[in-house]
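Let me begin by presenting the structure, written as structure tokens, before commenting on it.
What follows draws every value from the coordinates through simple rules; no lab data is involved. It should be emphasised that the depicted structure is a prediction, and the values quoted were computed from it without experimental measurement. Note that each Cβ is placed from the backbone with ideal geometry, even for glycine, and that neighbours are counted across all protein chains shown.
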Amino acid sequence: MVSGARRRAVRDGDRQIDTAHLLHSLLEHDPEVRGVFEGGPQLARLLAYLVQRSIGYGLRWQGSVEDSGAVPVVTETDADGLSPLAAGAMEYAHERAAGRGAARANGIDLLAAVVTDPDARAVEVLTRAGIDTEALRTGLEGRVRDSY
């Protein structure tokens, strides 16, 4: 997922990979993640919004660091070129996977991670696409307990 998000960030002219890039990559490459979004209209709205972001909406984010203020702002990108929130999401996804005894995080782990912080760009994208992020967070928590 990270390599797809990295390609999208470079194409978009962004300095670093943010949680919205990770979300876009998840939707493009993981059928299980796509299945979370009620199919049809909800998924179409979300993908349309992400495409709009990549062709211009995201310009207001260019040159800025995605950060919620929960941790000190990092002015340099990390070694993987991730924003502070994206790096935290990757770490959280790995912790989620380890919590269920898996060696690697899957797409659902990463989706749950990118919607954890209400200030994440992925959450803003989802909200603008008409998706109830609180219900999504709750559903993903239940899904982990029920399916792993």
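Observations on the model:
- Environment charge of ALA135, counting only residues whose C-beta is closer than 13 Å and scoring Lys/Arg +1, Asp/Glu -1: -2
- Each residue of the range 32-49 was assigned a 3J(HN,Hα) from its phi angle through the Karplus expression (A = 6.51, B = -1.76, C = 1.60, θ = phi - 60°), giving 5, 5, 4, x, 5, 9, 6, x, x, x, 5, 5, 4, 4, 5, 5, 4, 5 Hz with x at Gly and Pro.
- Taking other C-beta atoms within 10 Å as the exposure proxy, ASP117, ASP109 rank ASP117, ASP109 from fewest upward.
- Near the amide H of LEU82, within less than 5 Å, lie the amide hydrogens of ILE17, all on another chain or at least 5 residues away, with H placed in the peptide plane.
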